[in-house]
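The values are calculated or read from the model by the stated rules, or taken from the named source; none is laboratory data. Values in this document were obtained by computation on a predicted structure and should not be read as measured data. When we count neighbours, we look across all protein chains shown, and the Cβ atoms used for this are built from the backbone with ideal geometry, even at glycine. We work out accessible area using only protein heavy atoms, side chains counted, and drop any ligands, DNA or RNA first. Shrake-Rupley method; radii C 1.70, N 1.55, O 1.52, S 1.80 Å.
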Amino acid sequence: MQNPPVPARRSLLKVLAAAPAVSALGGLATAAPAHAAPTPAAPASGPLATPGLLSAPGIVKALPSEHFTVRGTNAEARFDAFGDTGALTPADRFFVRNHTSTPVLDAADWRLTLWGDGLHGRGPVHFTYGQLRDLPSVTRTALIECAGNGRSLYASQQGEPVTGTAWTLGAVGAARWRGVRLADVLRRAGIARDAVDLLPRGLDDPYVSGGIDYGRVRRPLPVAKAFDDVILAYEMNGEPLPYDHGHPVRLVVPSWVGIASIKWLGDIEVSTRPLSSPWSTDWYRLFGAAHPAGGSAPISRQTLKSAYQLPFGATLESGRVHRLTGRAWSALAPVRSVEVSTDGGAHWRRAHLHDTPRRDGWVRWSVPWRPRSTGPVTLLSRTTDTAGNTQPERAVHNTQGYLFNAVVRHPVTVV
Ligand SMILES: Nc1nc2c(c(=O)[nH]1)N[C@H]1C(S)=C(S)[C@@H](COP(=O)(O)O)O[C@H]1N2
Ligand SMILES: [Mo]
């Protein structure tokens with residue numbers, strides 16, 4: 001298969017130069033046509049040696065330690081601190097999952113290329129940022145959740161080893177995304193009736209691990225899903241996409257594992273034959289004893305979860321009423337209910353839901369609790385969605401620790 005034209009990354013600047021880059025880009029933006037993107041805000045302060053600020057190689061935004069935990073090239077949001085956020089996760093609180101590092105791209109010279117045998121005209125088709133902004137826009141709320149969110153709980157509560165970033169529960173966030181329907185762009189590019197697969201690819205550096213160059217991050221997306229509800233997003237919560245979240249344009253693939261939502265989108269192969277990449281063969285399949293030899297089919301939909309917005313190991317005073325809060329979400333159907341147990345699972349009661357359950361959102365919940373005796377306690381929460389899916393006691397193990405859906409065992413101490 002012939003190689004695609006790789007869009008130029010003329011204005012890709014190294015992350016450490018991000019602050020000066022912002023003013024340079026700002027200058028460009030004023031000279032450019034009306035559609036040139038306002039550039040995202042620069043981090044408030046430099047990444048180095050500021051108390052309470054963590055740094056992760058390749059992440060542009062500020063990572064205050066009260067809101068993030070750095071894991072390699074990634075930043076996990078602190079789920080235990082989500083109590084002061086609303087139904088939408090502010091961009092400055094949103095987790096970052098980077099295979100390599102955030103490229104600082106300029107919307108003014110970005111373009112999207114579609115190519116492949118799945119286009120009528122066969123030649124590549126380009127869209128500038130301005131052309132995308134001129135198409136009808138859609139706005140929708142969607143969660144982005146890493147396939148491995150909750151992965152570390154396979155080890156910590158099931159005693160099962162897994163590989164991959166040791167996320168706890170904060171590799172998830174909800175945002176309001178504005179952009180263009182991928183379906184509209186595919187139609188305008190002349191997608192053929194017999195096209196079956198797309199291969200969206202990012203402009204970040206090729207991913208190299210264990211001495212192997214896997215190429216740029218890319219993952220097949222079935223045409224059927226693309227036409228259903230996928231958007232090419234250029235805004236997050238009413239602002240231009242931040243650098244770390246895919247500026248200037250990313251895919252948002254609602255209800256699917258986060259890897260489907262390719263950031264810094266550069267090109268999309270359109271094919272009449274099924275496509276693959278290491279992100280659909282080596283990773284993002286379920287491997288292990290409970291799964292077919294050679295692995296499951298590539299995973300697509302996320303699962304369901306619920307959790308307390310409270311640090312693990314928190315101490316709570318006995319004899320007074322605490323308002324315990326949390327969130328529940330399901331990629332399979334709207335949340336129907338959340339039950340909690342404050343005695344390790346012996347008794348369960350309903351939590352109050354504070355949001356109208358809907359597909360692709362999460363529901364905040366709360367429950368009052370007056371602990372009577374002191375000592376260690378395991379808090380549990382369990383959500384059930386309107387399709388009847390409910391969190392099991394144990395998640396089915398897979399070696400890469402994807403799709404953790406079990407009831408989280410949340411240890412606290414009453415003093
Ligand atoms: N180009 C590119 N797109 C990417 C990634 C990446 O490293 N490069 N990471 C993916 C993964 S694994 C996840 S979970 C989501 C995370 O999106 P966020 O960093 O905006 O939270 O982006 C996906 N899109
Ligand atoms: Mo992910």
Fill in: Proximal charge balance of ARG151 [Cβ under 11 Å; K/R count +1, D/E count -1]
-1
Discussion item. 5 Å is the cut-off here: which amide hydrogens, built 1.01 Å from N in the peptide plane, fall below it relative to HIS322, excluding neighbours closer than 5 in sequence?
Written reply: TRP369, ARG370
Item to complete: Could you work out the local net charge near THR390, counting Lys and Arg as +1, Asp and Glu as -1, over the other residues with Cβ closer than 11 Å to its Cβ?
Response: -1
Discussion item. Can you tell me which of ARG140, ARG372, ARG181 moves the most in a GNM of the chain? Springs connect C-alpha atoms under 10 Å apart.
Written reply: ARG372
Response to the item:
With a 1.4 angstrom probe the carbon and sulfur portion of accessible area for the stretch 304-414, in percent, totals 48
Fill in: Accessible area expressed per residue, the stretch 304-414, with surrounding protein chains retained (probe 1.4 Å, Å²)
45
Discussion item. On the principal axes of its Cα set, how long, how wide and how thick is the stretch 304-414? Give whole Å, largest value first.
Written reply: 39, 35, 22
Worksheet item: Using the heavy atoms of the protein chains alone and a 1.4 angstrom probe, what is the accessible area of the stretch 139-240 per residue in square angstrom?
Response: 36
Worksheet item: Rounded to whole Å and sorted largest first, what semi-axes of the equivalent ellipsoid does the C-alpha gyration tensor of the stretch 107-151 yield via the square root of 5 times each eigenvalue?
Response: 28, 18, 12
Practice prompt. Taking only Cα atoms and a 10 Å spring cutoff, compute GNM fluctuations for the chain and point out the largest among ARG151, ARG285, ARG349.
Written response: ARG349
Worksheet, complete the sentence: Between the alpha carbon centres of the stretch 324-375 and the stretch 267-289 the gap in Å comes to 35
Worksheet item: What are the GluC sites (Glu not before Pro) within the stretch 266-354 that DSSP puts in a loop, where the Cβ has at most 16 other Cβ atoms within 10 Å?
Response: GLU317
Item to complete: For ALA314 and SER65, compute 0.36 nm times the residue count separating them, minus their Cα-Cα distance, and round to one decimal in nm.
Response: 87.9 nm
Fill in: P(r), alpha carbons of the chain - 20 Å bins starting at zero, rounded %
26, 56, 17, 1
Worksheet entry | Where labels lie 7 Å past Cα in the beta-carbon direction, separation of ALA387 and SER373 in nm | 4.2
Fill in: Taking the stretch 127-252 and dividing mean pair separation by its residue count, relative contact order in percent (alpha carbons under 8 Å, at least six apart)
24
Practice prompt. Name the long-range amide H neighbours of ALA314: under 5 Å, sequence gap of 5 or more, or other chain; modelled H, no Pro or chain starts.
Written response: THR413
Discussion item. Through the Karplus equation 6.51 cos²θ - 1.76 cosθ + 1.60, θ set to phi - 60°, convert the phi angles of the stretch 153-167 into ³J(HN,Hα) values in whole Hz; use x for Gly and Pro.
Written reply: 6, 4, 7, 6, 10, 10, x, 10, x, 9, 9, x, 4, 7, 4
Fill in: Value of relative contact order over the stretch 304-414, rounded to a whole percent, pairs C-alpha under 8 Å and six or more apart
35
Fill in: Most mobile of GLY173, GLY159, GLY130 in a GNM of the chain (Cα contacts under 10 Å)
GLY159
Practice prompt. Please work out the C-alpha center-to-center distance from the stretch 67-106 to the stretch 181-206 and express it in whole Å.
Written response: 27
Worksheet, complete the sentence: Rounded to the nearest 10, the angle in degrees between the Cα long axis of helix 18-31 and the longest principal axis of the Cα atoms of the chain comes to 50
Response to the item:
the chain: relative contact order from alpha carbon pairs under 8 Å, six or more residues apart, as a whole percent, is 16
Worksheet, complete the sentence: Where a ≥ b ≥ c are root eigenvalues of the Cα gyration tensor, a/c under 1.5 meaning rounded, otherwise prolate if a/b exceeds b/c and oblate otherwise, the stretch 230-345 counts as oblate
Fill in: Sum of side-chain charges, LEU332 neighbourhood, beta-carbon under 14 Å (Lys, Arg +1; Asp, Glu -1)
+2
Worksheet item: Each residue of the stretch 373-386 in turn: what ³J(HN,Hα) in whole Hz from Karplus with 6.51, -1.76, 1.60 and θ = phi - 60°, glycine and Pro shown as x?
Response: 10, 8, x, x, 9, 9, 8, 10, 9, 9, 9, 10, 9, 6
Discussion item. With +1 on the Cβ of every Lys and Arg and -1 on the Cβ of every Asp and Glu, and nothing else charged, how large is the dipole of the chain about its Cα centre, in debye rounded to the nearest 20?
Written reply: 620
Worksheet, complete the sentence: Summing -39500 (n - 2.57) over every DSSP H run of at least 4 in the chain, dividing by its residue total and rounding to the nearest 500, the 222 nm mean residue ellipticity is -3000 deg cm²/dmol
Worksheet item: When the solvent-accessible surface of protein heavy atoms is calculated with a 1.4 angstrom probe, in what order do LEU332, LEU221, LEU53 fall, highest first?
Response: LEU332, LEU53, LEU221
Worksheet item: How far apart, in nm, are the 7 Å Cα→Cβ label points at ALA290 and HIS347?
Response: 3.1
Response to the item:
Sorted by chain and then number, the residues having a modelled amide H within less than 5 Å of the amide H of GLU235, at least 5 places away or on another chain, are ARG178, LEU241
Worksheet item: Taking the Cα-to-Cβ direction at GLU160 and at THR139 and moving 7 Å from each Cα, how far apart do the two end points lie in nm?
Response: 4.2
